[in-house]
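The values are calculated or read from the model by the stated rules, or taken from the named source; none is laboratory data. Predicted, not measured: the structure shown is a model, and the values here were computed from it. Using ideal geometry, Cβ is built from the backbone for each residue, glycine included, and neighbour counts are taken over all protein chains shown.
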């Protein structure tokens, strides 16, 4: 590998280590040896000629690889991502230190691109954006230098500077071409598959959109300002819009993860909730009185598998389904079943609320399901605190009173914070002890554990917290950042009650401004990346209509691009040796006299008081100019 190429490959390797570190999946201390070996590579490469060094290095790589294989086989898929990322950067550092003069670094380039691509699914935020910009600016000149040195040629400092200057416009052209293909190429942006279903995307870090709740997730969630729900009042006052809009219901807990309520657990789809019925396109269920409030709801996420409703909803009328149908299932709500060619546009429907009829004759099997706890994974503190709170109430206290006591205690004695921040609890046990902060999933889980240890049936609900007025003051909206988790408690009479133990003020202020320029810049970059990851047919249509909405601005941009390309083409039509010679003359503040040759100018320059460095550069460029002239 040429010495001119090695610094650029070192920069790419350091950026790859930055990508992996930014995921938060691999511990910082695990990456320290990688950082040190990468930074020491300019000196370590000199030891390649010694056999003891090669044997020691390759032996160390085999040992680390064997440890990773052992770790993967003993922990299963639990640490698959961590082991994979460690292996990827280990390969990068190995190649950086051992690619010789006669070997091609193709694998280094491919591996670097692969690391940048894979980590974008786990770090869609400020740091990944900065690292990606640096990676792009380093990747193109590295490829150019590799192409120029692939035949054993050595590049002068002048040529290296020219390559770096030339790489910036090339990078811009490549980025523009990629953006055009991304926008114009018709395809299914939201196609399901292994990547979409199994990788933890930034948008899936919000509990309202998740198919399960993983409590051991420590990645900082992405807080998008994109509107998820818009609720307009058709009958009643806007202040009467419910705050909690439910999407998923979770009832089974294994000590680390909450899983959706399933018919196999309770024996019937409607064993725990008042059943929905459908007639002439209207869904309704029994109520204790006539509906007193009617709302028009727009659910912006056309990809969602659940229809957002409220616990008090008793009648629902769809205004547009278009290739989709609803199903009342065991998730204690309404599921959306799309056809193969269903569109992904906004869903609109009306919701009428009243007091639903309680579910009669709930079996002991169902009640037992909502108080069941795993043998492992429940902190001992949950039993002790649950009993302590229960003893503070009268013996005749019902389930609602017990839930109210536990909910108030959590609101006043535990602190709210998003994952990934300093002081965030690594597990529910730390949160219970008060040694760490927690987010809504921790508050909901803790409340559920405190209640179930005392025999109070309950379940966790994921959805949205609607509390913000729209700009026109005609609707209440919930943004994607308002994804939330809370608890529903089953009363003795078969009625479900909503309890939210998370401090309301902390939840509403999470992710919003007030942190200055750094926070604003981070949010802006996050929103840009969200626009890429959530790009769909509607987004494509907006971009395609841009020339129609702003013809003058688009025409001006095209004209500027054409002029720039023509000037660039004209400059590239000149021999590079002539351009370098003219630049050297400019630095020396000299010009060719009439009839003067470059050699005569060099002789004249030697008699002047020029800086030695400028004189040497002038001599070198004049010689290069002469060689290129005679070759032609």
If residue 472 satisfies every condition in (1) closer than 29 Å to residue 21 by Cα; (2) more than 26 Å from the chain's Cα centre (by Cα) but one, which is the exception?
(1)
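Inside segment 1-90, counting only helices (runs of 4 or more DSSP H) that do not spill past its ends, which hold 2 or more residues that are exposed (fewer than 15 other Cβ atoms within 10 Å of the Cβ)? Explain how you work it out, then say what you get.
Numbers: elements: 6-23, 28-39, 41-44, 51-75.
Those helices (runs of 4 or more DSSP H) span 28-39, 41-44, 51-75.
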Filtered residue count, segment 395-449, keeping only those that are under 26 Å from residue 369 (Cα atoms) and in a loop (DSSP other than H, G, I, E, B):
6
Say we look at segment 222-250 and pick out the residues that are buried (at least 22 other Cβ atoms within 10 Å of the Cβ) and over 15 Å from residue 313 (Cβ atoms); which of these is modelled with the highest pLDDT?
250
So for segment 571-589 (the condition being assigned to a helix (DSSP H, G or I), surrounded by fewer than 11 Cβ atoms within 10 Å (Cβ to Cβ) and at pLDDT 80 or above), does at least one residue qualify?
yes
Within segment 352-361, does at least one residue satisfy the condition of being in the same structural domain as residue 307 (by TED's automatic domain parsing), touching a strand residue (DSSP E or B) at 6+ places or on another chain (Cβ under 6 Å), in a loop (DSSP other than H, G, I, E, B) and modelled with pLDDT of 90 or more?
yes
Quick one: what pairs do we get from segment 395-410, first residue farther than 21 Å from residue 429 by Cβ and outside the structural domain of residue 489 (by TED's automatic domain parsing), second modelled with pLDDT under 95 and surrounded by 14 or more Cβ atoms within 10 Å (Cβ to Cβ), C-beta under 8 Å, 6+ apart or different chains?
none
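For residues that are part of a loop (DSSP other than H, G, I, E, B) and modelled with pLDDT of 80 or more, scanning just segment 259-270, find the one that is farthest from residue 370 (Cα to Cα).
Filtering segment 259-270 down to residues part of a loop (DSSP other than H, G, I, E, B) leaves 261-262, 267-270.
Next, only the ones that are modelled with pLDDT of 80 or more stay: 261-262.
Numbers: 261: 10, 262: 12 Å.
Here the residue is 262.
Would it be correct to say that residue 495 is modelled with pLDDT of 90 or more, in the same structural domain as residue 215 (by TED's automatic domain parsing), under 18 Å from residue 246 (Cα atoms) and surrounded by fewer than 22 Cβ atoms within 10 Å (Cβ to Cβ)? Walk me through it before giving the result.
Details: modelled with pLDDT of 90 or more: yes; in the same structural domain as residue 215 (by TED's automatic domain parsing): yes; under 18 Å from residue 246 (Cα atoms): yes; surrounded by fewer than 22 Cβ atoms within 10 Å (Cβ to Cβ): yes.
In short, yes.
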Residue that is modelled with pLDDT of 85 or more and within 27 Å of residue 424 (Cβ to Cβ), where the choices are 285, 256, 217
256
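Among the residues that make up segment 372-384, is at least one of them more than 26 Å from residue 259 (Cα to Cα), at pLDDT 90 or above, surrounded by 15 or more Cβ atoms within 10 Å (Cβ to Cβ) and more than 30 Å from the chain's Cα centre (by Cα)? Please lay out each step first, then the result.
Filtering segment 372-384 down to residues more than 26 Å from residue 259 (Cα to Cα) leaves none.
No: zero hits.
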Check off (1) modelled with pLDDT of 80 or more; (2) touching a helix residue (DSSP H, G or I) at 6+ places or on another chain (Cβ under 8 Å) for residue 189 and give me the number that stays unchecked.
(1)
For segment 288-319, enumerate the residues that are modelled with pLDDT of 85 or more and more than 27 Å from residue 494 (Cβ to Cβ).
296, 298, 299, 300, 318, 319
Within segment 306-326, can one find any residue that is in contact with a helix residue (DSSP H, G or I) (Cβ under 9 Å, 6 or more places away or on another chain) and assigned to a loop (DSSP other than H, G, I, E, B)?
yes
Exactly one of (1) part of a helix (DSSP H, G or I); (2) at pLDDT below 85; (3) within 27 Å of residue 46 (Cα to Cα) is unmet by residue 104. Its number?
(1)
